[in-house]
1. Between a residue in region 78-102 that is surrounded by fewer than 17 Cβ atoms within 10 Å (Cβ to Cβ) and any residue that is of a type in the set (A, V, I, L, M, F, W, C) and modelled with pLDDT of 70 or more, which pairs come within a Cβ distance under 7 Å, given they are 6 or more apart or on different chains?
2. Out of Ile154, Ile131, Ile165, Ile137, which single residue is in contact with a strand residue (DSSP E or B) (Cβ under 8 Å, 6 or more places away or on another chain) and either more than 14 Å from Ile6 (Cβ to Cβ) or not hydroxyl-bearing (Ser, Thr, Tyr) (or both)?
3. For Leu139, state whether it is more than 15 Å from Gln201 (Cα to Cα) and in contact (Cβ under 8 Å) with a residue 12 or more places away in the chain.
4. Scan region 197-242 for residues that are surrounded by fewer than 20 Cβ atoms within 10 Å (Cβ to Cβ), part of a helix (DSSP H, G or I) and among the polar types (S, T, N, Q) and report the count.
5. List every residue pair whose Cβ atoms sit under 7 Å apart, with the two residues 6 or more apart in sequence or on different chains, where the first one lies in region 280-299 and is hydroxyl-bearing (Ser, Thr, Tyr) and the second, anywhere, is modelled with pLDDT of 70 or more.
6. With closer than 13 Å to Ala191 by Cβ, surrounded by fewer than 21 Cβ atoms within 10 Å (Cβ to Cβ) and modelled with pLDDT of 95 or more as the only criterion, which of Leu59, Leu67 stands out?
7. Which of the residues that make up region 27-40 are surrounded by fewer than 23 Cβ atoms within 10 Å (Cβ to Cβ) and either touching a Lys or Arg at 6+ places or on another chain (Cβ under 8 Å) or part of a helix (DSSP H, G or I) (or both)?
8. Would you confirm, using the coordinates I've provided, whether Leu189 is hydrophobic (A, V, I, L, M, F, W, C), part of a helix (DSSP H, G or I) and surrounded by 17 or more Cβ atoms within 10 Å (Cβ to Cβ)?
Amino acid sequence: MEAYFIAIAIAILIYLLLALGLSLHYGFAGLVNFGHVGFFAIGSYTSALLALNGVPIPLAMLAAVFLTAVSAYPMGIIALRLGSDYLAIVTLGFSETIRYMLQTEEWLTRGMHGLPGIPRMFDGMVPSDQIDFWILIALLAANAVALYLLLKVIKSPFGRVIEAIRDNEVAVRALGKDPARFKTRTLVLGAALAGLAGSFQAHYLTFLSPDQFVPLITFYIWIAIFIGGINRLSGIVIGTIILIGFLEGSRFVSDMVGGISEVQMASVRIWIIGMALILIVLYRPQGILTRENSRSKAL
């Protein structure tokens with residue numbers, strides 16, 4: 001039972017890093033990103049491939065974060081000069097292009113066969129039955145640092161500018177600021193968080209496949225930030241815990257309750273999430289922790 005709760009907590013914390021990155025994009029800068037899972041995939045495969053070639057795991061994870069951030073920069077230059085609708089299309093196409101490359105470039109990623117044998121974090125440093133616990137501790141530390149740094153960014157002059165761009169881009173441009181430059185930097189920062197989440201995913205699961213990076217992952221993250229509040233960091237934490245805790249916990253209901261197949265449970269899961277999203281949009285469109293008059297509050 002303890003291992004089960006640790007596994008759920010690890011999944012929540014990995015998704016929380018993704019949610020924090022997407023919240024920076026949309027909640028604070030107004031960037032509609034439907035391809036966040038593409039950055040997640042880049043971080044996962046970069047860290048995994050480097051570690052498989054003998055690079056120490058910490059350096060492989062650092063390289064994954066850097067490469068993911070760099071990959072967001074040219075896309076930002078091209079896409080962020082367009083409207084939000086075009087940005088949504090471009091980011092979705094970007095993530096699907098990344099997944100297609102992972103499927104077809106078998107010389108590098110082994111395609112649909114998957115990438116097995118990825119070195120596990122803390123392997124050889126702690127007893128094997130304690131590895132998951134220490135991965136959990138590392139994720140807690142990573143999320144704490146990410147939350148602290150995001151709060152600093154949001155409260156800084158840079159953060160105030162991106163919030164102003166979200167609310168009235170024309171006014172910001174009239175004041176002599178270049179919205180595209182600020183948006184690009186925001187996209188890079190959020191992508192770096194997704195890359196970090198991906199590197200944790202790789203060294204926790206020790207196996208990667210392109211099927212793990214479908215667009216549904218991005219939309220799960222969107223739901224998580226809508227549940228708690230798109231620009232409220234505490235709300236994003238709560239929303240991620242609620243959504244991912246439900247998704248991961250409900251996977252075992254079919255084993256505990258007889259007469260329910262996994263396929264049926266998956267359908268029920270999607271129905272419940274859909275109904276919850278409709279109710280939130282109708283009755284709490286700003287999220288369960290956000291008030292109508294608190295749009296600028298980060299916590």
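1. Every condition considered, the pairs that remain are Arg81/Ala180; Ser84/Val32.
2. Details: Ile154 fails: in contact with a strand residue (DSSP E or B) (Cβ under 8 Å, 6 or more places away or on another chain); Ile165 fails: in contact with a strand residue (DSSP E or B) (Cβ under 8 Å, 6 or more places away or on another chain); Ile137 fails: in contact with a strand residue (DSSP E or B) (Cβ under 8 Å, 6 or more places away or on another chain).
Going through Ile154, Ile131, Ile165, Ile137 in turn, just one is in contact with a strand residue (DSSP E or B) (Cβ under 8 Å, 6 or more places away or on another chain) and either more than 14 Å from Ile6 (Cβ to Cβ) or not hydroxyl-bearing (Ser, Thr, Tyr) (or both): Ile131.
3. Details: more than 15 Å from Gln201 (Cα to Cα): no; in contact (Cβ under 8 Å) with a residue 12 or more places away in the chain: yes.
For Leu139, the condition - more than 15 Å from Gln201 (Cα to Cα) and in contact (Cβ under 8 Å) with a residue 12 or more places away in the chain - is not met.
4. 2
5. Thr290/Gly229; Thr290/Arg232; Thr290/Gly235; Ser296/Glu163
6. Values: Leu59 fails: closer than 13 Å to Ala191 by Cβ.
Step by step, each of Leu59, Leu67 is checked, and only Leu67 is closer than 13 Å to Ala191 by Cβ, surrounded by fewer than 21 Cβ atoms within 10 Å (Cβ to Cβ) and modelled with pLDDT of 95 or more.
7. Listed by number, the list holds a single entry, Gly30.
8. On the way: hydrophobic (A, V, I, L, M, F, W, C): yes; part of a helix (DSSP H, G or I): yes; surrounded by 17 or more Cβ atoms within 10 Å (Cβ to Cβ): yes.
Criteria met by Leu189.
The values are calculated or read from the model by the stated rules, or taken from the named source; none is laboratory data. Values in this document were obtained by computation on a predicted structure and should not be read as measured data. Positions of Cβ are backbone-derived with ideal geometry, glycine not excepted, and every protein chain shown enters the neighbour counts.
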